[in-house]
Amino acid sequence: MKRLIAPSILSADFNNLGKDVEMLNKSEADWIHCDIMDGIFVPNISFGIPVVEAVHKIAQKPLDVHLMIVGPDKYIAPFKEAGASIITVHYEACTHLSRTIQQIKALGINASVCLNPHTPVALLEDIISELDMVLLMSVNPGFGGQEFIENTYRKVSRLRNMIDKNGSSCLIEVDGGVNLETGRKLFEEGANVLVAGSFVFNAEAPDETILKLKNLA
């Protein structure tokens, strides 16, 4: 089963963002995760289209763009133009989710839906065959460095069963509180992609930390 690592640049040093992206280019990271926050859907503001454009100019890995914003539909095309290879929207922010997914796919990029910790995976059963990925938040979205929510393991297992039952190739991504211990258990339950922010960028050797995550058995 595919196992990928997507470090989140939300925890990078923005005084040396180019240097950190170059480190990710040379590392065993598979994707570069970009957390877009509007201060409305989540209680924090991060960065937007100009930063994604700047990262894309030097990134050698696909940009995994996570829109934690209200009204994501009107920003899908601009983020694709900025360099996104994958766009994730929140179930909780989309009134017409299937239409939003179709909009993403029409641009020729991968479509993903995120669920907040309190949102059950069963709500995706009727749309799972349309998705390239589901992102499960294992912390409440908005800030890095939070404690991992233990119920996430059960959610990953239930989602894996749903995906397999439907014969889908949809990936499972998990974001929040990821480290070597939680990462190993998440992979065991059926996750494919781990997002790690502070665990990577606060490490003495971020590239070695990425490699350790990549090699989890």
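Bear in mind these aren't lab numbers, they're just calculated from the coordinates by the rules spelled out. Since this is a predicted model, take the numbers as computed values, not measurements. Cβ placement follows ideal geometry from the backbone for every residue including glycine, while neighbour counts extend to all protein chains displayed.
Fewest first, what order do His66, His118 take by the number of other Cβ atoms within 10 Å?
On the way: His66 28, His118 10.
Placing the least packed residue first, the sequence is His118, His66.
Please tell me the relative contact order of the range 4-214 in percent, rounded to the nearest whole number, where contacts are Cα pairs under 8 Å and at least six residues apart. Please report the intermediate quantities before stating the final value.
Working: 421 pairs, mean separation 45.0, N = 211.
Taking the mean separation of contacting Cα pairs over the length of the range 4-214, I get 21 percent.
Give me the net charge of Ile104's neighbourhood, meaning all other residues with Cβ under 14 Å from the Cβ of Ile104; Lys, Arg count +1, Asp, Glu -1. Walk me through the intermediate numbers first.
Details: positive: Lys74, Lys80, Arg99, Lys105; negative: Asp64, Asp73, Glu81, Glu130, Asp132.
So the surrounding residues net to -1.
Can you compute the charge dipole magnitude of the chain about its Cα centre, using +1 on each Lys and Arg Cβ and -1 on each Asp and Glu Cβ, nothing else charged? Give it in debye, rounded to the nearest 20.
On the way: 19 positive and 27 negative charges, 84 e Å.
Result for the chain is approximately 400 debye, rounded to the nearest 20.
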Practice item. Can you find, among Thr119, Ile210, Ser8, the residue farthest towards the positive end of the dipole of the chain? Put +1 on the C-beta of Lys and Arg, -1 on that of Asp and Glu. Key: Thr119
Check your understanding: Which percentage, to the nearest 5, of the DSSP beta bridges contained in the chain is antiparallel?
Key -> 5 percent
Review point. Ranking Cys34, Cys170 by Cβ neighbours within 10 Å, fewest first, what do you get?
Key: Cys170, Cys34
**Study point:** Distance in nm between pseudo-label sites at Ile58 and Thr95 (7 Å out along the Cβ direction from Cα)
**Key:** 4.1 nm
